[in-house]
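The block underneath contains the structure these notes are about, expressed in C-alpha cells.
The values are calculated or read from the model by the stated rules, or taken from the named source; none is laboratory data. Source: prediction; values computed, not measured. Glycine also receives a Cβ, built like all others from the backbone with ideal geometry; neighbour counts cover every protein chain displayed.
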Amino acid sequence: MKQLALEIGLASSPTLDNFFAGPNEAAVGHLRLWTSSSSRSPVPSYLWGESGSGKTHLLHAVHHALKEQGAQVGWLDAHTLNPPEFKDEWTAVLMDDVHLYNLEQQHTAFNWFVNALTPRVGVPRWVLAAGTLPPADLKLRDDLRSRLGWGHVHGLELLDEPARRSVLRQEADARGLFLSDEVMSYMLNRFSRDLGSLMQLLDHLDHYALQTQRALTIPLVRAMLENQ
C-alpha cells in the first residue's frame, strides 16, 4: 500500500522538550547538557540516522535553545544557496543533511568547521552536524569527513510502532483530542511512518477537526485529503 506524505507545517517550534527520545536518550541528553551548560566543550558532535529519526528536529531544537539565550548561530543545509562567510560572533555552527552537500557547500562546511574550532578567548564554539550515514561512509571531501567523525558521534534509531503509537496518543491527549486505535492504525498504514510526518499529520487533523466541528474519524481524514 502506497504511503502518503503531507507537506504541512509543524504546530510549534521543535525543542528538546517536545522530542520523544526513546532509544535516543543518550544523544538528546548530550544536546541538552551542552545547550544548558555555562562551560561548554568545543568538541564537535555528529548525529546520523535514517530519514525520520529526528536529526533535523534536534538541530532546530538546539538552534532554538541557543537563540533563546541570545546567541548567534550559523546554519547550513543542502538548501542553502550562496552560504555566508563564517562570522566570528557565532556561538555555534549547525550543519544539517551533510550527505547532500554539493562542492560549494562542502567548502563552506569545512571553512566553518575550522573557524569554529579556532580558539577564541572566553567563548567556546561548537559544531553540530547531521547526516543519514556515519562519518566514514559519507561521500564528502576527505578533510571534511574526517572532522565530522572526530568528536561525539551518535547514531539515532527510528522508533518502533508501539513507541510511535505512544507518542501519538500522548500528543493527542495533550491537545484534548480523542484518537481511536482505528484512526491511529489508519494513519500508520496510509501515511509516512516517520514520527515527524505523523506529528505534522496529527496537527493538520486537529486543525481540520476544529474547523469542521467534527470528531477525529477515518471519514474526517478522507474528507481532509479531498480538500487539500
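Tabulated results
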quantity: Test: residue in segment 49-67 that is at pLDDT 85 or above, more than 14 Å from the chain's Cα centre (by Cα) and either acidic (Asp, Glu) or more than 26 Å from PRO134 (Cβ to Cβ) (or both); calculated: yes
quantity: Selection from segment 111-137 of residues that are within 17 Å of LEU76 (Cα to Cα) and crowded, with 19+ Cβ neighbours inside 10 Å; calculated: TRP112, PHE113, ALA116, LEU117, ARG125, TRP126, VAL127, LEU128, ALA129, ALA130, GLY131
quantity: Residue check for THR108: among the β-branched types (Val, Ile, Thr), more than 30 Å from ASN189 (Cβ to Cβ) and surrounded by 18 or more Cβ atoms within 10 Å (Cβ to Cβ); calculated: yes
quantity: Tally of residues being part of a helix (DSSP H, G or I) and either touching a residue at least 40 places away in the same chain (Cβ under 8 Å) or more than 14 Å from GLY196 (Cα to Cα) (or both) across segment 167-177; calculated: 6
quantity: Residues of segment 30-51 satisfying the condition of being touching a Ser or Thr at 6+ places or on another chain (Cβ under 8 Å) and not in a helix (DSSP H, G or I); calculated: TRP48, GLY49, GLU50, SER51
quantity: Test: GLN170 is surrounded by fewer than 19 Cβ atoms within 10 Å (Cβ to Cβ) and farther than 23 Å from LEU58 by Cα; calculated: no
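One line per residue, one yes/no per condition, for (1) aromatic (Phe, Trp, Tyr); (2) under 22 Å from VAL167 (Cβ atoms); (3) part of a loop (DSSP other than H, G, I, E, B):
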site	(1), (2), (3)
VAL28	no, yes, no
SER53	no, yes, yes
HIS57	no, yes, no
GLN106	no, no, no
TRP112	yes, no, no
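One line per residue, one yes/no per condition, for (1) under 19 Å from THR80 (Cβ atoms); (2) of a type in the set (Val, Ile, Thr):
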residue: GLN106; (1), (2): yes, no
residue: ALA109; (1), (2): yes, no
residue: VAL114; (1), (2): yes, yes
residue: LEU128; (1), (2): yes, no
residue: GLY131; (1), (2): yes, no
residue: PRO135; (1), (2): no, no
residue: ARG164; (1), (2): no, no
residue: GLY176; (1), (2): no, no
residue: SER180; (1), (2): no, no
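A quick yes/no check of all residues on (1) among the hydrophobic types (A, V, I, L, M, F, W, C); (2) over 30 Å from VAL93 (Cβ atoms); (3) not assigned by TED's automatic domain parsing to the domain that holds SER45:
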{"position": "PRO135", "(1), (2), (3)": "no, no, no"}
{"position": "SER166", "(1), (2), (3)": "no, yes, yes"}
{"position": "PHE178", "(1), (2), (3)": "yes, yes, yes"}
{"position": "GLN200", "(1), (2), (3)": "no, no, yes"}
{"position": "LEU205", "(1), (2), (3)": "yes, yes, yes"}
{"position": "TYR208", "(1), (2), (3)": "no, yes, yes"}
